[in-house]
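Structure first, commentary second.
The values are calculated or read from the model by the stated rules, or taken from the named source; none is laboratory data. Worth saying up front: this structure is predicted, and the values here are computed from it rather than measured. So basically every Cβ, Gly included, is an ideal-geometry build from the backbone, and we count neighbours across all protein chains shown.
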Amino acid sequence: MKLFESYRMGPFDLRNRIAMAPMTRNRADNDGVLPDYAADYYRQRAGAGLIITEATQPSASGRGYQGTPGIHNDEQEAQWRRVAEAVHSEGGTIFLQLMHTGRIGHTSLLPDSGPLLAPSAVRAEMKVADVEGVEWEAEEPRAMTEDEVFGVIEDFAQAAGRAVRAGIDGVELHGANGYLLHQFLSYGTNQRSDDFGGSAHGRSEFVVRLVERVAETIGPERVGLRVSPGGKFNDMRGLDDDETYLELVDRINPIGISYLHTLRRRSTPLHVELRARWATTFMMNTGYHGDSDRDSLEAILTSGHSDLVSVGRYFISNPDLVERWKQDVPLSEWNEDTFYSGGPRGLIDYPAATN
């Protein structure tokens, strides 16, 4: 099967075409430091061709959830070094996903209680949790100044540098699911009239500059970008246009980053066009409600719609997912109650089929 073929992604030799998708697991402490057992979690799943880690904030002001890790201080970096060493000990490849949540989150999670920063002062119509886990109506963010825009770009670059220094192979910039990068790309959440808004070119400007700066810092071969055009998560329903994503792809293609990672439930003309225009590795994720069984993913690859496919929840309960699929071993069911519950239960206690 094509799923199990090796694949050359830039300088990286991937053992198969199956990536472990980024999944928030909420195990970090209040300072954004991962526990020691997180290294075991990633090591157990190193049979994936590529691991993309849980979303990680590049700065304290980018935090939107309790329990998410950071990589903006030495203690956080040290724990990511443990993760990198564990994955590499099993011959795996790992990219760290960097995410700034923008308008999503609560000011109690931020230094000095805020403010929430976003492209524009557009409130999300949804509930968010505070530092104590209590849910509230989302707060209105403050539109970022140009200096703050460039400051966030530099935060990402510094965090990417830390990740590579910790031994992580590269970073994925989270431009999907209604978080900060997606907010800049959307005409509904980006109502700016400066260089970072007002047109498809303007809406793509922040992400283009961010990709350029991070690529300059760690090398383009160590950078991936995830997008979710047309995605509905975090109150983004109906707030995207095709023109912005085509503009984005055309502008970042010359940078030569490692991959573009798209999130979609089904093939659309836009996704087909993005695939046709993209110059390096193209990765697809079918999303929370899409089909991600083995045969459906194989069909995506054999159709030529993607070079790699990423899988989320199956990797939670099947650390040896690739081998199970190879050997036609039944998959274990996941327990959603432990997805975000904290502690090692539901993280490192799913056994491999051979155990």
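Miscellaneous remarks
- Restricting attention to the stretch 131-153 and to residues that are farther than 15 Å from ALA121 by Cα and in contact with a helix residue (DSSP H, G or I) (Cβ under 7 Å, 6 or more places away or on another chain), the residue that is surrounded by the most Cβ atoms within 10 Å (Cβ to Cβ) turns out to be ILE153.
- Given (1) farther than 16 Å from ALA157 by Cβ; (2) surrounded by fewer than 24 Cβ atoms within 10 Å (Cβ to Cβ), number of the condition THR189 does not satisfy: (2)
- Selection from the stretch 261-279 of residues that are touching a helix residue (DSSP H, G or I) at 6+ places or on another chain (Cβ under 7 Å) and within 28 Å of THR217 (Cβ to Cβ): THR262, LEU274, ARG277, TRP278, ALA279
- Segments classed as strands (runs of 3 or more DSSP E), wholly inside the stretch 77-178, with at least 1 members that are in contact with a strand residue (DSSP E or B) (Cβ under 8 Å, 6 or more places away or on another chain), under 22 Å from ARG27 (Cβ atoms) and touching a residue at least 24 places away in the same chain (Cβ under 8 Å): 94-98, 127-129, 170-175
- Within the stretch 254-304, the residues that satisfy the criterion of being surrounded by 15 or more Cβ atoms within 10 Å (Cβ to Cβ), among the β-branched types (Val, Ile, Thr) and farther than 23 Å from ARG324 by Cβ are ILE255, ILE257, THR262, THR280, THR281.
- Pairs with Cβ under 8 Å, 6+ apart, first in the stretch 215-229 and over 9 Å from SER258 (Cα atoms) and surrounded by 23 or more Cβ atoms within 10 Å (Cβ to Cβ), second basic (Lys, Arg) and at pLDDT below 95: SER228/ARG264; PRO229/ARG264
- Yes/no for ARG213 being basic (Lys, Arg) and farther than 18 Å from GLY238 by Cβ: yes
- Top-ranked residue in the stretch 87-103 [being in contact with a Phe, Trp or Tyr (Cβ under 6 Å, 6 or more places away or on another chain) and over 18 Å from SER258 (Cβ atoms); ranked as surrounded by the most Cβ atoms within 10 Å (Cβ to Cβ)]: THR101
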